[in-house]
Amino acid sequence: MSRAGGMRYLLLLCGALVSAARDRSRDQSRPDEAVVGARSGPPAYRAWNAQLYPVWQEGGARRDCWRGGQVTFDVTSDDPTLTAAKTTFSIQLSFPHNQTVLPDGQVVWSQNCTVNGTRVVAGEPVYLDEAPEGSDYVFPDGQRFPQDGRPRRSKFVYVWQTWGKYWQVVDGPSSLITIDTAGVPLGSYTMEVTIYHYRGRQKFIPMGTATAYFTITDQIGRA
């Protein structure tokens, strides 16, 4: 091999090695998390189905997200959490005064009234169940719902985010998650949850976001 050919070969080899190292670094920056159902959260989602789940815009108006009025969110946790222990977050949705939640989680009108010129009857669902049998349902990142999570009565999707991870849950008007804090440094953190409502196949409406603040500590409180 000539000297020029040898130099050209070395340059190509070096370029290939640098490119491979860059690819490995990129892959390692977003590894699969050890926690089941958790991977790097937005904006590091590997995929987000924005057509099915429109991204909630900060400051977006909620007044048109729910028929009959505004829905508020109450997020709580068992803060503070002892290091390496599990911590639980819960959310409760509160609906307009003329609506109520049945024991099975369905939201219905609690009284006869007129909403935007339309007469509604007590006991009727605020949103009809439009779920066709045999439909496939997926979370924002494309993972399928669990078999018991078909939106028959579980019409809300909650996307919880903290530590660069996310957890996706399909549930009713109240829900909770429990996560492991093992390996997380001591300190104060924020858990954010985005709420979506199912309105028929291929249609999840963003209702808003809520946050909860929590602390991981190695000190056990004394009364």
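The values are calculated or read from the model by the stated rules, or taken from the named source; none is laboratory data. Keep in mind the model is a prediction, meaning the values are calculated, not measured. As a convention, Cβ positions derive from the backbone with ideal geometry for all residues, glycine included, and neighbour counts pool all protein chains shown. For accessibility, only protein heavy atoms count, side chains too; no ligands or nucleic acids. Shrake-Rupley method; radii C 1.70, N 1.55, O 1.52, S 1.80 Å.
If only residues of segment 180-208 that are open to solvent by 20 Å² or more (accessible area, probe 1.4 Å) and among the polar types (S, T, N, Q) are counted, the one that is farthest from the chain's Cα centre (by Cα) is Ser188. Scanning segment 84-115 for residues that are touching a residue at least 12 places away in the same chain (Cβ under 8 Å) and either more than 29 Å from Ala212 (Cβ to Cβ) or among the acidic types (Asp, Glu) (or both), we see that the one that is surrounded by the most Cβ atoms within 10 Å (Cβ to Cβ) is Trp109.
Here Gly123 fulfils each of the conditions (1) on the phi > 0 side of the Ramachandran plot; (2) open to solvent by 70 Å² or more (accessible area, probe 1.4 Å); (3) at pLDDT 95 or above apart from (2). When you check Thr81 against the structure, is it open to solvent by 60 Å² or more (accessible area, probe 1.4 Å) and either in contact with an Asp or Glu (Cβ under 8 Å, 6 or more places away or on another chain) or of a type in the set (Val, Ile, Thr) (or both), yes or no? For Thr81, the condition - open to solvent by 60 Å² or more (accessible area, probe 1.4 Å) and either in contact with an Asp or Glu (Cβ under 8 Å, 6 or more places away or on another chain) or of a type in the set (Val, Ile, Thr) (or both) - is not met. Residues in segment 141-163 that are at pLDDT 90 or above and either part of a loop (DSSP other than H, G, I, E, B) or in contact with a Lys or Arg (Cβ under 7 Å, 6 or more places away or on another chain) (or both): Trp163 only.
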